[in-house]
Amino acid sequence: MILQTVFQTWLPFIYLYGVGGIFFFTGMYIIIKSGALNTQRKHHRWWIKVLFGGYFFFLFLHAFLIISALYL
């Protein structure tokens, strides 16, 4: 039963945020290094925080909802 839960819920979660995270963080690295987002400008720093915050917000929200559905 536990192995089935891992394959049906946690493996897609790990794939979504693992592989998706690789693309997201690679893209953010390229954007920052190319100068498209200048970390010296206040408004650009705000957008960097929004992008990283959004990624981690949805990661934790998704994990919380999976835990709630399975174990509560």
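The values are calculated or read from the model by the stated rules, or taken from the named source; none is laboratory data. Just so it is clear, the structure is predicted and the values come from calculations on it, not from any experiment. Don't worry about glycine lacking a Cβ; one is built from the backbone with ideal geometry, like all the others, and counts go over all protein chains shown.
Checked against the criterion of being surrounded by 10 or more Cβ atoms within 10 Å (Cβ to Cβ), modelled with pLDDT of 95 or more and not basic (K, R), the candidates L37, L61, L70 yield just one match: L61. All conditions in (1) assigned to a helix (DSSP H, G or I); (2) surrounded by 12 or more Cβ atoms within 10 Å (Cβ to Cβ) hold for W46, with the sole exception of (2). Within the range 15-34, restricting attention to residues that are among the small types (G, A, S) and under 28 Å from T5 (Cβ atoms), the residue that is surrounded by the fewest Cβ atoms within 10 Å (Cβ to Cβ) is G18. Taking the range 1-43 as the range and being outside any helix (DSSP H, G or I) and more than 20 Å from the chain's Cα centre (by Cα) as the test, the residues that pass are M1, G35, A36, N38, T39, Q40, R41.
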